[in-house]
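Have a look at the structure below, then the notes.
The values are calculated or read from the model by the stated rules, or taken from the named source; none is laboratory data. All values derive from a computational prediction rather than experimental measurement. Note that each Cβ is placed from the backbone with ideal geometry, even for glycine, and that neighbours are counted across all protein chains shown.
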């Protein structure tokens, strides 16, 4: 047998689990199925013309050869300069050396796992939490301590318990959490950063959807609360920032489009320097052309106008979905009302199995994602997640009505 | 101190060394310095128009939204289908499931390290070897057993010694090796694959420059010799191939341009499946747009015509450099005559320190890379590497003459 060596792969391979929802997503991708299972942005809203214009400008200018050549690992200076300004505008102090461009937030998570996580390290996470984070960190041997959440986010006493118990890092999605849609309140963010600072542990603040808010006022990032606490003024700090507990993860995947794979990490220089080394070893740098396309496309307020377009359409879809749920779902079912993002989280009566319900729904050509893969302990059998960003209004009406029929028959 | 946690990073961080030649490359990038230090392709030869045309076609077609959306991890089917045909044409049996698209060969190395290498595993490598491979695998705790090389490549008895000693994998650049320029002969490839098959260890065959041949006939890939030995006919195998010892690493960085970050791995399905999982955890997928640009740009024989252009120009630069070296270098200095690729390897008399010579050369505004960082044991103080692909003829004349002056004065 000539691939005998394939049985001698690194024990890291045992952490390489296929995404628990990948098979489900495959099934739901049949053309006739109305799927609320994915987490994709709406492709019909991609700014194709703007991206084509940006690409043409680059490839017709004297920047063309630079766009196709190797590039420094840290990322395109123009894009990083723009991000520094934007991050400071959100109260996050940073200089150019605090920003690393990555090939999507999944890579941000991979690099952070590589640098921060040793085998059997415990990470305190929301319960449920983002599947992709567990996929990234499982490889490095992470274990997870799932924290209780209420409508304001993670419960402080449960975070304190986890940190007392030795958790080495904290992972939080404070805005329009995936999968629950919950937003961590301002007061809660202040309390949580106070606790993490006291225990001296890093917080990974993942914010892929933060700009997709459909109601209410924006809440400052945990990175901003952390800076405030440490007395760092984002407006006056114009050099690199070398302290702080928060690694802020931003992404253009939902604000612009995911296919370019351009995201970023903001953090204090000691950790950014290590992440730059890790990225150099991992892929040298993110596509130069992709970075330059993004750097041009976002300029002159385009990104903000585009975000307004997105939030207009997504808000309508959220409202439609919530409306049909309100009308048709049985009263024993409850769900979140997200102020932004892509997801609604549904809770069925205790003892109900959402996976069996999915089978019934697939017979009716409609799909969602069962919630249990999002639980580090694989609990949450009676929950599921609905995505509203990538569905047309007519699909939302038909799809939710069909799910409601299944719920009414089987609960 | 609020970044106390930055002192508690994973012990993986100790493997994160800055590239040993990065500082050197920085110094040599002063505009007035003639630099033979890098390993960049010539930007003036990038197929800018073709890439712009491909991009326009994609973004103006109904493929546009697909190009900007999330994509399956394995990579673009059109590009993989093209690669299957091309790889088979080179005698490497494979089906679609044997090809994984990666974000540059540095990522191919990172993913392979993640899947194959456990802490303190020994990898048998050419001595000297490619720095980027050590950067990628240091993170996973690899150690290196440097193998003796002659003009035909790695010496078989030294490979046998390393495998007997427990080396777990082999890394080889058989075509126009970086840094030495040496090409492993056909007979040697056959012998080496026979040995690795006997010991049941995987061979990572890194082939970034294989198509850049300036003289002589192409030598079949080690993957092809391995398949022949195992009785797998590349023409008849149209399903996935599930056995074999070789992971073949190809790249568009030198054949087309590096800035798009598109490369590939071919290997037997058990390891490709693990690598797909690792890539999903690492960055979900390579830029969809970049993959689709490459898939279009290579079509209809363009890539082969373009490779002919490249080899025409690079051959001339190689010949010029070798000619000036022959004329001006002292007789105590010897060097390789590469049949392709980007590099000439220079050996100074024993006891000479190439790093000190670089300082003298920098005073004269000319630069090369000292050889010792390419040695796993940091030996080779009396060696250096010259790159000829990214230098104009006039620069080659002036630069080599200056280096020759320094050599004549200081040897």
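Quick one: in the stretch B:181-209, of everything that is without any contact (Cβ under 8 Å) to a residue 60 or more places away in the chain, more than 14 Å from chain A (Cβ to nearest Cβ) and part of a loop (DSSP other than H, G, I, E, B), which residue is farthest from the chain's Cα centre (by Cα)? By that ranking, first place goes to B:185.
Residue-wise test of (1) more than 19 Å from the chain's Cα centre (by Cα); (2) within 25 Å of residue B:192 (Cα to Cα); (3) not assigned by TED's automatic domain parsing to the domain that holds residue B:188; (4) not in a loop (DSSP other than H, G, I, E, B).
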| position | (1), (2), (3), (4) |
| --- | --- |
| B:86 | no, yes, no, yes |
| B:108 | no, yes, no, yes |
| B:113 | no, yes, no, yes |
| B:119 | yes, no, no, no |
| B:124 | no, yes, no, yes |
| B:128 | no, yes, no, no |
| B:133 | no, yes, no, yes |
| B:146 | no, yes, no, yes |
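Counting only residues that are in a helix (DSSP H, G or I) and more than 17 Å from the chain's Cα centre (by Cα), which one in the stretch A:94-106 is farthest from the other protein chains (Cβ to nearest Cβ)? Among those residues, the one meeting the criterion is A:96.
The set of residues from the stretch A:70-85 being more than 10 Å from chain B (Cβ to nearest Cβ) and either under 14 Å from residue A:288 (Cα atoms) or surrounded by fewer than 16 Cβ atoms within 10 Å (Cβ to Cβ) (or both) comprises A:74, A:75, A:76, A:77, A:78, A:79, A:80, A:81, A:85.
Name every residue in the stretch A:260-275 that is assigned to a loop (DSSP other than H, G, I, E, B) and either more than 9 Å from chain B (Cβ to nearest Cβ) or over 20 Å from the mean Cα position of the chain (by Cα) (or both), in order of residue number.
A:267, A:268
Taking the numbered list (1) more than 15 Å from residue B:87 (Cα to Cα); (2) assigned to a loop (DSSP other than H, G, I, E, B) in turn, residue B:281 passes all entries but (2).
Evaluate the stretch A:152-169: report whether one residue or more is within 9 Å of chain B (Cβ to nearest Cβ), farther than 30 Å from residue A:84 by Cα and not in a helix (DSSP H, G or I).
no
Residues in the stretch A:349-384 that are assigned to a loop (DSSP other than H, G, I, E, B) and either in contact with a strand residue (DSSP E or B) (Cβ under 7 Å, 6 or more places away or on another chain) or assigned by TED's automatic domain parsing to the domain that holds residue A:211 (or both): 7 in all.
Among the listed residues A:308, A:291, which satisfies the condition of being under 29 Å from residue A:387 (Cβ atoms) and without any contact (Cβ under 8 Å) to a residue 12 or more places away in the chain?
A:308 is the lone residue from the list that is under 29 Å from residue A:387 (Cβ atoms) and without any contact (Cβ under 8 Å) to a residue 12 or more places away in the chain.
Just to be sure, is residue B:13 over 19 Å from residue A:52 (Cα atoms), touching a helix residue (DSSP H, G or I) at 6+ places or on another chain (Cβ under 9 Å), surrounded by 15 or more Cβ atoms within 10 Å (Cβ to Cβ) and more than 9 Å from chain A (Cβ to nearest Cβ)? Spelling it out, it is not the case that residue B:13 is over 19 Å from residue A:52 (Cα atoms), touching a helix residue (DSSP H, G or I) at 6+ places or on another chain (Cβ under 9 Å), surrounded by 15 or more Cβ atoms within 10 Å (Cβ to Cβ) and more than 9 Å from chain A (Cβ to nearest Cβ).
When residue A:204 is tested against (1) under 22 Å from residue A:336 (Cα atoms); (2) crowded, with 18+ Cβ neighbours inside 10 Å, exactly one condition is not met: (1). Restricted to the stretch B:221-245, and to residues there that are outside any loop (DSSP other than H, G, I, E, B) and within 17 Å of residue B:89 (Cα to Cα), the residue that is nearest to the other protein chains (Cβ to nearest Cβ) is B:226. At least 3 residues being facing chain A (nearest Cβ under 9 Å) and over 19 Å from the mean Cα position of the chain (by Cα) is the threshold, and among the helices (runs of 4 or more DSSP H) wholly inside the stretch B:19-69 those reaching it are B:48-60, B:64-68. Residue B:141 falls short on exactly one of the conditions (1) free of Cβ contacts under 8 Å to residues at least 40 places away in the same chain; (2) at positive phi; (3) out of contact with any helix residue (DSSP H, G or I) (no Cβ under 6 Å at 6 or more places or on another chain), and that condition is (1). Where residues in the stretch A:284-311 are assigned to a helix (DSSP H, G or I) and touching a strand residue (DSSP E or B) at 6+ places or on another chain (Cβ under 8 Å), which of them is nearest to residue A:94 (Cα to Cα)? Taking the candidates together, the pick is A:291. Residue B:351 passes every criterion in (1) touching a helix residue (DSSP H, G or I) at 6+ places or on another chain (Cβ under 9 Å); (2) farther than 24 Å from residue B:32 by Cβ apart from (1).
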